[in-house]
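The values are calculated or read from the model by the stated rules, or taken from the named source; none is laboratory data. For clarity, every value in this text was computed on a predicted model and none was experimentally measured. For neighbour counting, all protein chains shown are included, and Cβ atoms are generated from backbone atoms with ideal geometry for every residue, glycine included.
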């Protein structure tokens, strides 16, 4: 027990060091979410890149990102959302104006309770308990996992998902606080403007985290009005240690008329404006509205813009890290951006497929390699020995991809006896468990055969070499001198001692058999873990790649541990150690 505890502790330390090294290596490679955003949209704005880095924590050192991945981090609280508001036609501003903004506002941080979800679901989709996903939907309702619930509903009924999302938005708007700006007044979520000459109605929305978002409504009147400023998109502070600056003159409607323009801050907005450039050093995290006024000659116009400075953690949303997987949280392994699914959901099915391919290949290889290796060693330099060695070298030397294609050509194309690729016939699940089993066995024959031939040749050579080393030993001659039968000498004395080095090679080969079947899986379109590893690296799917790499590392260490335990079985001398 002490030995197992010591080995387990060593394995844990190695995994921690290896995971940190892998994370640092992958983090330094191109292909993170920011790179993907840039390559997918070359016209992406710089502020979008900065904001994405902040939200994903990619602006922090790699070791901080590693800790966030291992332990977890709070989901960033998002500022209020203001949907596009169509221009409102008003004959006369002096006559007053009012609009209900509840349909145009949303709080992305809002989390409805399970009772509201169940009520809305019953209203929009009365038959959902009869669907195949009903059990999973009930689990998500009980767990109050709104994200999982929306995902399950979207898979089954996208229309209900969109209707449910709209209901959530309408309910979330009630959690926001509306304030009128520049002469406008707010009554709940109704914005009013009683008088004035400004053909715009400005407002400010804030959430429970103090994040602010400004918006304006264009009012079409019978008169003609000229805008002095264009709308300013939300700004993001790139570096909290430096002073934020923004040239307001770039947003003038008439950029040629910059000489007679002056800017003034309103309502005690922080910062200063010097020669049309707004500067301020923000403290803390949040999103703040800046109110200002521009004057050119006899004309003046009030305007506002938002500045996001730092990310606030959500109080109720925490993204659990990798460690939480070991206490039962399947989503703690992360989310695949390539497959748009949790890593666990992808890897679990792939691991099962690889085991289905690996175990038969392992058993077939051992059943052939050990007896043939012993037989070849006992008949060294005979014709049979030469033939077996030739076939072993041939199996080791055959390119897996070429041999796989040849097997497909012969058995799937010429004789049409076996399927060319895949894991199962579509729709076979409805024909019963026996039919499913036979169908999957039929699909596994060719890839298992290709995978086995390589390892038969490899392990046969190891077995033969180990036997040739053991047979001349003194204890073998002693056993024969005692009058033991040749069968007992070979099986009890020679084979057990020859298996010690073979067990080492076999234990180390198990992880390579598990993850190294990428060529076989690719040729036969077999969705296994080896192919998943290749696709993850190609697609820069880091969460998937790290999980697969760590899985293979755990298999290597587990293989070594199994080898140590197997030594006790095959070599009695080890029991005294």
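Okay, residues lined up against (1) over 16 Å from residue 217 (Cβ atoms); (2) touching a helix residue (DSSP H, G or I) at 6+ places or on another chain (Cβ under 9 Å):
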| position | (1), (2) |
| --- | --- |
| 111 | yes, yes |
| 151 | yes, yes |
| 181 | no, no |
| 189 | no, yes |
(request) Check region 519-531 and report whether any residue there is modelled with pLDDT under 90 and at positive phi. (result) yes
(message) Among the residues of region 332-341, are any part of a strand (DSSP E or B) and farther than 30 Å from residue 542 by Cβ?
(response) no
(message) Looking at residue 54 and the list (1) at pLDDT below 70; (2) more than 19 Å from residue 306 (Cβ to Cβ), which single condition is not satisfied?
(response) (2)
(message) Given the options 344, 386, name the one that is assigned to a helix (DSSP H, G or I), without any contact (Cβ under 8 Å) to a residue 60 or more places away in the chain and either buried (at least 16 other Cβ atoms within 10 Å of the Cβ) or on the phi > 0 side of the Ramachandran plot (or both).
(response) 344
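Among 367, 372, 434, which is the only one that is touching a residue at least 40 places away in the same chain (Cβ under 8 Å), part of a helix (DSSP H, G or I), more than 19 Å from residue 518 (Cα to Cα) and more than 28 Å from the chain's Cα centre (by Cα)?
None of the other options fit; the residue is 372.
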(message) Suppose the filter is more than 17 Å from residue 344 (Cα to Cα), out of contact with any helix residue (DSSP H, G or I) (no Cβ under 6 Å at 6 or more places or on another chain) and part of a helix (DSSP H, G or I); does residue 558 pass it?
(response) yes
(message) Suppose we filter region 444-475 for residues that are without any contact (Cβ under 8 Å) to a residue 40 or more places away in the chain and within 17 Å of residue 357 (Cβ to Cβ); how many remain?
(response) 1
(request) Provide a single number: the residues in region 238-270 that are within 13 Å of residue 305 (Cα to Cα) and either in a loop (DSSP other than H, G, I, E, B) or more than 42 Å from the chain's Cα centre (by Cα) (or both). (result) 4
(request) Of the numbered conditions (1) under 17 Å from residue 110 (Cα atoms); (2) out of contact with any strand residue (DSSP E or B) (no Cβ under 7 Å at 6 or more places or on another chain); (3) modelled with pLDDT of 85 or more; (4) surrounded by 15 or more Cβ atoms within 10 Å (Cβ to Cβ), residue 157 fails exactly one; give the number of that condition. (result) (1)
(request) Please verify whether region 296-305 includes one or more residues that are within 24 Å of residue 109 (Cβ to Cβ) and not in a loop (DSSP other than H, G, I, E, B). (result) yes
(request) Scan region 324-352 for residues that are over 20 Å from residue 152 (Cβ atoms) and touching a strand residue (DSSP E or B) at 6+ places or on another chain (Cβ under 8 Å) and report the count. (result) 1
(request) Please work out which one of (1) in contact with a helix residue (DSSP H, G or I) (Cβ under 7 Å, 6 or more places away or on another chain); (2) under 27 Å from residue 563 (Cα atoms); (3) not in a helix (DSSP H, G or I) is the condition residue 476 fails and give its number. (result) (3)
(request) Tell me which of these residue 292 doesn't satisfy, since it passes every other one: (1) under 30 Å from residue 180 (Cα atoms); (2) surrounded by 20 or more Cβ atoms within 10 Å (Cβ to Cβ); (3) in contact (Cβ under 8 Å) with a residue 60 or more places away in the chain. (result) (3)
(request) Search region 391-431 for residues being touching a residue at least 24 places away in the same chain (Cβ under 8 Å) and closer than 17 Å to residue 353 by Cα, and hand back the single one that is surrounded by the fewest Cβ atoms within 10 Å (Cβ to Cβ). (result) 422
(request) Considering only residues that are part of a loop (DSSP other than H, G, I, E, B) and out of contact with any strand residue (DSSP E or B) (no Cβ under 8 Å at 6 or more places or on another chain), look in region 104-120 and name the one that is modelled with the lowest pLDDT. (result) 113
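Conditions tested, residue by residue: (1) within 30 Å of residue 462 (Cα to Cα); (2) assigned by TED's automatic domain parsing to the domain that holds residue 461; (3) touching a helix residue (DSSP H, G or I) at 6+ places or on another chain (Cβ under 8 Å); (4) surrounded by fewer than 21 Cβ atoms within 10 Å (Cβ to Cβ).
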residue	(1), (2), (3), (4)
300	no, no, no, yes
308	no, no, yes, no
314	no, no, no, yes
322	no, no, yes, no
326	no, no, no, yes
364	yes, yes, yes, yes
(request) Test each condition in (1) surrounded by fewer than 17 Cβ atoms within 10 Å (Cβ to Cβ); (2) modelled with pLDDT of 85 or more for residue 173 and report the one that comes out false. (result) (1)
(request) Assess whether residue 109 counts as being within 23 Å of residue 340 (Cβ to Cβ) and in contact (Cβ under 8 Å) with a residue 60 or more places away in the chain. (result) yes
(message) As an exercise: evaluate residue 318 against (1) under 42 Å from the mean Cα position of the chain (by Cα); (2) modelled with pLDDT under 85; (3) not in a strand (DSSP E or B) and give the number of the one condition it does not meet.
(response) (3)
(request) Filter region 71-103 for residues that are more than 20 Å from residue 288 (Cα to Cα), at pLDDT 85 or above and crowded, with 16+ Cβ neighbours inside 10 Å and give the result. (result) 85, 99, 101, 102
